[in-house]
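Input: a single structure, listed below in structure tokens.
Since every read-out is calculated from the coordinates, none of them should be taken as a lab result. Here the structure is a predicted model, which means the values were calculated and not measured. Quick reminder, even Gly has a Cβ in these numbers, built from the backbone with ideal geometry, and neighbours come from all protein chains shown.
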Amino acid sequence: MASDWLLIDGSSVMFRAFFGIPVTAFKAPDGQPINAVRGFLDMLGRLVTDRKPHAIVVATDKDWRPAFRVDVLPSYKTHRLVQGNMPPELEPQEPIIHAVLAAIGVEVIGAEGFEAEDVIASLLPKISGTVEIVTGDRDLFALVRDPDVRVLYTQQGIGRLLVVDEAEVERRYGIPGRSYGDFAVLRGDPSDGLPGVPGVGEKTAAQLVRRFKDLDGIVASGKLGEAANAYIQRARRVGVPVSVAPVPTPKGTRPTKATDPAALAKLNGTYGIGSVTERLLRALAGPPAAVRTP
């Protein structure tokens, strides 16, 4: 299926590429690992070929632990303060990816104080047409809206994608297709340090959402008690993507050739990535969908 817009959670896909390809598999001429660089660019090329988007935006984290989330829920991603947000072999690869995308002309958007998921949520009101969001982060399931917005969820590294629309949300979690955000607040997410409501797992969270429709209904019911309701009111502000990031209106284009060939040639030589950037450029030069959604 073709899409008008391909919005890529760049931070998530970069992590998936890094962990999906051994660090020792690809190195630059100077010995620096470039497994995430190659994996990211190859995946982007496959996505362009398969999805045939008219426009591409890569969203990026400007802050992986935003203050507005920590202020409300101090536990947010605290485990990463000890272990670090990125493996040391990955951190220097991010600016390489961004430099290559800039040389090719793929738009990269971030916002100070916000994560990539918030950037994507904030871009949606600024664009029209069909949108496919590429991510390995389930938080973005909260943005699914048939028929216009769906998620391509990366599985097993970057080699397989699960198409997540409202029917898939309902099938996986037993909730209405637009209720994932409410469900996630109740259940919590240990990987982000969000504890969820004590005693409420996936099954109970799904039952509550089905019975009371949304978080307002659950709070009004008094079913969970004052402490749980107070947590819900905090977590609903930070546990799902927010749409208030100050992002520009995206250009709505996709490059068909490198916008800065000299810069790209230098990057190719420095990191030994000429073959992968050539594959990506061939994919970008191919035709987008024949018919654009009105």
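Projected onto their three principal axes, the Cα atoms of the stretch 1-103 cover extents of 42, 38, 23 Å, largest first. Considering only beta bridges that DSSP places wholly inside the chain, some 30 percent are antiparallel.
Excluding same-chain neighbours fewer than eight residues apart, the lysines reachable from Lys213 by a Cα-Cα span under 17 Å are Lys203, Lys223. Figure legend: label point modelled 7 angstrom from the Cα of Lys27 along Cα→Cβ; residues of the stretch 256-275 with amide N under 14 Å from it are 272. Look at where the Cα atoms of the stretch 42-76 and of the stretch 110-152 average out, and the two centres are 8 Å apart. Along its three principal directions, the equivalent ellipsoid of the stretch 173-235 from the Cα gyration tensor extends over semi-axes of 15, 15, 10 Å, largest first. Stretched out straight at 0.36 nm per residue, the stretch from Val244 to Ala167 would grow longer than its current Cα-Cα span by 25.0 nm.
A Förster radius of 25 Å, combined with the Cβ-Cβ distance separating Lys266 from Glu89, puts the computed FRET efficiency at roughly 0.65. Length available on full extension from Ile127 to Arg65: 0.36 nm per residue minus the Cα-Cα distance, which gives 19.7 nm. Partner aspartates and glutamates whose Cα lies under 18 Å from the Cα of Lys257, excluding those fewer than 8 positions away in the same chain, are identified as Asp42, Glu107, Glu278. Per-residue ellipticity at 222 nm from helix content only, as computed over the chain with -39500 (n - 2.57) for each DSSP H run of at least four residues, stands at -12500 deg cm²/dmol. As a ratio to 2.2 N^0.38 Å, the alpha-carbon radius of gyration for the stretch 158-269 is 1.54. Rounded to two decimals, the Cα radius of gyration of the chain over 2.2 N^0.38 Å is 1.04.
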